[in-house]
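Student: I'd like to ask some things about the structure below.
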Amino acid sequence: MSSDEEMPPMGAGGMGMDDDSEGGMDDAGADGPILPEGVKKEIITASEGFKRPKKGDEVTVHYVGTLTDGTEFDSSRKKDKPFVFPLGKGQVIKGWDLGVATMLKGEVAKFTISSEFGYGESGSPPTIPPNASLVFEVELISWASKDDLFGDEGVIKTTLEGEGKGWKKPSDGDEVRLTLKAEAADGSVIEERKSIEYVVGSDALGPLAKAVDMALAGMRKNESVSLKCAKEYAYGEKHPDGATITLALEEIYETKDMSFGKDGSVMKKQTQEGEGFDRPKDGVKATLAVTAATDGAGAALPGFKAATIEFTVGDGEVCDALECAVGEMKKGEKAVLTASASSAAEAKLGLQDVKEGKIVLTIELQEFEKKKEIWDMSEEEKVEFGTARKEVGSQLLKAGRYELALQKYKKVGEAFSFVDNYKEENKGKAKALKQACELNKSAVYLKLQDWTEAKNTCNSILKDDKENIKAIFRRAQAQLHLKNFQDCMNDCKKVVELDSQNKEARALLKLAQAGQKEEDKQAKGLFANMCKALGKGPIPAPGKADKIGEFSDEEDAPMDAQDDEAEEEGAKEEGQAAEEGAKESA
């Protein structure tokens, strides 16, 4: 509004949050910011919305202004043109900045504003007298959300359309699909990129990257914004008047590590969201379409045959990469799966001959069965389900699908974590099933050479069953590889006490004894060398001392060294049976 036709701007005051007076916009209540006594609000037409404009937003309103005696002095409705202004920037009277900040979209309210929050002692001649209280009927039509992204007015973001979809917002390292158009101050197009894939924080957008990255951090899918950029955030001196960037966020690609060991060997990039919240459970039928297969460089893989595969989730009917991915997908979801050849060489797709490198698969989960959740099953159903899945795990273990077998044993074990309230006949079955799965887990960990987890799993079993021979022996195997030779010997002796005919334990005991002897010999050699260095003058410079286990004088060598070597070699040969003969329970 001009001084003659519209409300004149106020030179001081601005938003309540910038002033020491009570009633700033930060003092939010259930109905929005709390207004001071000098600004009274009465809602005429309520809104069903819940969002309110914030400081800096460009609001669009209709208004009718009158004095307290009813004399009308201004109206945007009579001009048939809504009034637009930046909220909280002091370009209107303070009562407006405070009052409009409490409104919802579509709301109509009457504000009675005292002179302190209006035109003050001077008024606005000739229409508004000094010290006048004013009455405004205001309708909040809409607003364009504006944000000063860096706090220096170098990049002002204005939301153009839509509130976005979902709750996800991109962060550094996320891959997105976007459309970007940059225009100079005169409206000419500097550059335009349509539906490009971009990694946030990668600087792939050159001089625009900093502004675009900051804007994307606050955007959701399907949201469009305009960025008014100073030259420092755009093209520098090439376009000294800055640039305006129109940015549309079309997709946020969710990328997850789906590998069993979380080692990055199977990565899933979601390219289309699925429906609802449900995902395929272990043991259900699923239908997965695989439409493309390339190598890591994007070249088509020879022999590939597109196929729609129906399989039982978790049964090992498809390769590990597909097994890893499908359990974390929703119906209708599309994704790109990047996996090592060893985990993705699926014969049903003609990829069985791919032995190395990366395989990139384009997949879509078309359908899957929905079955009872484990917590909805009866005790009998849980035991039956657990027994069946444990048997699947045993078949996978025999087939060398160790990671997949491990997942089976883990899930069954977790299903029977709390069985104290079970009926007696079911409680015994559940505990036996859980223990069998724990034992098989320890066998899998040994196969995977995860010695620490193998030891920990055996420890867990032995808390409740102190004389479980398999658990003691497998712990001994783990202790040997962890070079805990004394602990290994103790476990082997315990096994022999419980089973005097156990040849594997006796062989393993000899390996542990040989390992301990070698460790003692190295320690003895180190100590001898330290003593020699102390007794023969200056300590040798680094790298000049004799290596541990080497003897500079023939008489210093142990007299029984040859006997020790022969004994150790014999123990190693005999001990091979212990490593190869470890029995796995199924």
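The values are calculated or read from the model by the stated rules, or taken from the named source; none is laboratory data. What you see is a predicted model, and the numbers here were worked out from it, not measured in a lab. Cβ atoms come from the backbone with ideal geometry, glycine included; neighbour counts cover every protein chain shown. For the accessible areas, the whole protein counts, side chains as well, though only heavy atoms, and no ligand, DNA or RNA atoms are used. Shrake-Rupley method; radii C 1.70, N 1.55, O 1.52, S 1.80 Å.
Student: Only residues that are under 26 Å from the mean Cα position of the chain (by Cα) and open to solvent by 40 Å² or more (accessible area, probe 1.4 Å): list them for the range 339-356, please.
Tutor: SER342
Student: Within the group ALA300, ALA307, which residue is modelled with pLDDT under 95 and over 26 Å from the mean Cα position of the chain (by Cα)?
Tutor: ALA300
Student: Select from the range 444-489 the residues that are β-branched (Val, Ile, Thr) and either in contact with a Ser or Thr (Cβ under 8 Å, 6 or more places away or on another chain) or surrounded by fewer than 23 Cβ atoms within 10 Å (Cβ to Cβ) (or both) and list them in ascending order.
Tutor: Within the range 444-489, THR452, THR457, ILE461, ILE469 qualify.
Student: Which condition from (1) in a strand (DSSP E or B); (2) charged (D, E, K, R); (3) touching a residue at least 60 places away in the same chain (Cβ under 8 Å); (4) open to solvent by 60 Å² or more (accessible area, probe 1.4 Å) is the one that GLU310 breaks?
Tutor: Tallying (1) in a strand (DSSP E or B); (2) charged (D, E, K, R); (3) touching a residue at least 60 places away in the same chain (Cβ under 8 Å); (4) open to solvent by 60 Å² or more (accessible area, probe 1.4 Å), GLU310 fails exactly one: (3).
Student: Considering each of LYS181, LYS210 in turn, give the residue that is surrounded by 13 or more Cβ atoms within 10 Å (Cβ to Cβ), out of contact with any helix residue (DSSP H, G or I) (no Cβ under 8 Å at 6 or more places or on another chain), of a type in the set (Lys, Arg) and outside any loop (DSSP other than H, G, I, E, B).
Tutor: LYS181
Student: From the list SER202, SER226, exactly one residue is part of a loop (DSSP other than H, G, I, E, B) and open to solvent by less than 60 Å² (accessible area, probe 1.4 Å). Which is it?
Tutor: Just one listed residue meets the conditions, SER202.
Student: Just to check your reading of the model, which residue among ALA325, ALA321, ALA293 is in a strand (DSSP E or B) and open to solvent by less than 10 Å² (accessible area, probe 1.4 Å)?
Tutor: Unique residue meeting the criteria: ALA293.
Student: Of the residues that make up the range 429-446, is at least one within 26 Å of LYS521 (Cβ to Cβ) and within 35 Å of the chain's Cα centre (by Cα)?
Tutor: Looking through the range 429-446, none of the residues is within 26 Å of LYS521 (Cβ to Cβ) and within 35 Å of the chain's Cα centre (by Cα).
Student: Next question. Within the range 37-142, which strands (runs of 3 or more DSSP E) (wholly inside it) include 2 or more residues that are under 26 Å from SER226 (Cβ atoms), in contact (Cβ under 8 Å) with a residue 24 or more places away in the chain and of a type outside the set (Lys, Arg)?
Tutor: Ranges flagged: 58-67, 83-86.
Student: Mind listing just one residue for me: the one in the range 143-171 that is touching a residue at least 60 places away in the same chain (Cβ under 8 Å), among the charged types (D, E, K, R) and part of a loop (DSSP other than H, G, I, E, B) and, of those, least open to solvent (accessible area, probe 1.4 Å)?
Tutor: LYS168
Student: Which of the residues spanning the range 69-118 are under 22 Å from ILE43 (Cβ atoms) and open to solvent by 30 Å² or more (accessible area, probe 1.4 Å)?
Tutor: Within the range 69-118, GLY70, GLU72, ARG77, PRO82, LYS105, GLY106, LYS110, THR112, SER114 meet the criteria.
Student: Could I ask something else about it? Could you check, for the range 241-251, whether at least one of its residues is outside any strand (DSSP E or B) and either open to solvent by less than 60 Å² (accessible area, probe 1.4 Å) or touching a strand residue (DSSP E or B) at 6+ places or on another chain (Cβ under 9 Å) (or both)?
Tutor: Yes, the range 241-251 has at least one match.
Student: Do any helices (runs of 4 or more DSSP H) lying entirely in the range 382-484 carry at least 3 residues that are closer than 26 Å to LYS371 by Cβ and free of Cβ contacts under 8 Å to residues at least 24 places away in the same chain, and which ones are they?
Tutor: 424-447
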